[in-house]
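Sharing a structure below in structure tokens format, with a few things to ask.
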Amino acid sequence: MNQEKIGKFIKEIRTKEGLSQKQFALKYGVTYQAVSKWETGKNIPDITILKMMCEEYNMNLDEFLNAKKDVYRFSKDKKLITILVIVLLVISISVIMIINKKDNDFELKTLAPVCDNFKLYGTIAYNDNKTSIHISNISYCGKEDLSKYKKIECTLYETDGKTKKEISNYNYEENNKITLDEFLKKVHFNVNNYTKTCKVYKENSLHLEIDLTEEDGTISSYKIPLSLEDNCGK
């Protein structure tokens with residue numbers, strides 16, 4: 001097994017994905033120093049991380065250890081898959097609009113996080129009578145957080161003055177602890193036929209709250225205000 005060759009292969013994967021060593025390390029729950037040692041051939045990832053990489057980049061362990069995978073081609077394929085997912089999302093919302101045409105045509109708006117620490121894909125499809133909300137691909141891009149939590153909960157709220165209403169909830173509470181990044185990859189919201197109509201939403205009336213519970217019961221939280229690309233009534 002040629003550790004130097006494996007290291008160059010890992011570096012090629014990382015650079016093709018456009019990730020820094022720190023970002024790549026966060027993805028696999030290690031330090032950036034560990035990534036540096038991998039890429040210089042001083043060390044290789046343990047078997048658990050190797051399996052995660054193989055799954056992520058669609059290759060078997062033999063291909064990885066022998067650096068046989070065409071990373072550039074895979075990177076292009078991954079981008080195509082992302083584009084396909086977005087296209088399918090738009091199509092699915094379009095189907096919703098067609099099915100419910102009797103309730104007047106739906107319009108589509110984009111939801112975006114107001115804070116800089118989070119990114120996500122979000123849409124609202126609405127008409128005069130109801131609203132459908134879709135949120136997925138949430139990612140954390142703030143200060144590095146490699147902590148593993150025994151429980152994480154993400155809740156979508158709507159606020160109106162002092163009133164806060166829960167719309168939907170996604171939570172993780174299992175025997176195996178999980179990082180924030182691992183949790184966010186699982187989170188998605190798909191709220192159909194929500195009774196509140198888009199035209200009465202106020203600026204930043206929708207927001208996500210993420211509560212992270214550590215082993216000792218300590219709870220920390222993030223609040224992610226969501227804004228529309230423009231006002232619904234326009």
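Only the coordinates and a few stated rules stand behind these numbers; no lab work does. Small disclaimer: the values here were computed from a predicted structure and weren't measured.
Under a no-solvent Debye model with one identical scatterer per Cα of the range 114-226, what's log10 I(q)/I(0) at q = 0.14, 0.16, 0.23 Å⁻¹?
Debye curve over Cα of the range 114-226, log10 I(q)/I(0) at q = 0.14, 0.16, 0.23 Å⁻¹: -0.60, -0.76, -1.35.
Determine the gain in length on full extension of the stretch Thr159-Lys16; use 0.36 nm per residue of separation and subtract their C-alpha separation, reporting nm with one decimal.
On the way: separation 143, 0.36 × 143 = 51.48 nm, distance 4.13 nm.
Contour length minus Cα-Cα distance gives 47.3 nm.
Go through the range 46-57 residue by residue and turn each phi into a ³J(HN,Hα) via Karplus (6.51, -1.76, 1.60, θ = phi - 60°); whole Hz please, and just put x for glycine and proline.
So the J values, rounded to whole Hz, are 6, 4, 5, 5, 4, 5, 4, 5, 4, 5, 4, 10.
Going down the table (Lys119/Lys164; Lys109/Lys185; Lys42/Lys151), which pairs top 30 Å between alpha carbons?
Going by Cα-Cα distance, Lys42/Lys151 fall outside the 30 Å limit.
Spelling out what I want: for every residue of the range 212-217, take phi, set θ = phi - 60°, compute 6.51 cos²θ - 1.76 cosθ + 1.60 (Karplus), and round to whole Hz; glycine and proline get x.
With coefficients 6.51, -1.76 and 1.60, one gets 10, 10, 7, 4, 7, x Hz.
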